[in-house]
Amino acid sequence: MLKQRGDDGSAIVEFVWLALLLLVPLIYLVLAAVDVQRSAFAVTAAARDAARAYATAGSDAEGERRAEAIVTLAMRDQGISWTPTGRVVSCGSCDYAPGSSFEVNLHSLVRLPFVPEWMCGHRCVAGITVSAHHRERIDCFSGSTTAVAEIGAC
């Protein structure tokens, strides 16, 4: 009599294959989400801190230098490399008059995990852009000598 082959032991094989098919994409998704969240946090903190550093500088040149240094430090703190591509702070006349405002707009491209370098060269096709915007206003009582004369502007 011929013994028929049963399904003994096939459950463990099916479980391993299903676990691999489901867990590998899930782990990749978690890694990508962590990278994007880390970059978003870094860009947001960098924009806020750069605006505060610019507001307390006293001159446009010193403020821009401080803002770039703060952005570099905040991004490096989260493990993200950043190089300025232009001015960090955009303002109208940049005259530090009490009541005047300025903006900091930052953008960073997050490369997805395990994506080869050649796919993220000049223009990254396998990345997600995160950005942050912060608007700051020069305080009416900032301690500048012109603040007393321009109280009416606030």
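So here's what we get for this one:
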quantity	calculated
Residue that is among the basic types (Lys, Arg) and either out of contact with any helix residue (DSSP H, G or I) (no Cβ under 7 Å at 6 or more places or on another chain) or loosely packed, with under 11 Cβ neighbours inside 10 Å (or both), where the choices are Arg52, Arg66	Arg52
Of all residues making up region 75-85, the number that are in contact with a Ser or Thr (Cβ under 9 Å, 6 or more places away or on another chain), modelled with pLDDT under 80 and either more than 19 Å from Arg52 (Cβ to Cβ) or charged (D, E, K, R) (or both)	1
Residue that is modelled with the lowest pLDDT, among those in region 86-104 that are surrounded by fewer than 17 Cβ atoms within 10 Å (Cβ to Cβ) and under 16 Å from His133 (Cβ atoms)	Gly86
In region 115-154, the residues that are loosely packed, with under 10 Cβ neighbours inside 10 Å and at pLDDT 75 or above	Pro116, Glu117, Trp118, Val125
Test: residue in region 2-22 that is at pLDDT below 85, exposed (fewer than 11 other Cβ atoms within 10 Å of the Cβ) and within 20 Å of the chain's Cα centre (by Cα)	no
Ala42 at negative phi and assigned to a helix (DSSP H, G or I)	yes
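The values are calculated or read from the model by the stated rules, or taken from the named source; none is laboratory data. A quick note: this is a predicted structure, and the numbers were derived from the prediction, not measured. So basically every Cβ, Gly included, is an ideal-geometry build from the backbone, and we count neighbours across all protein chains shown.
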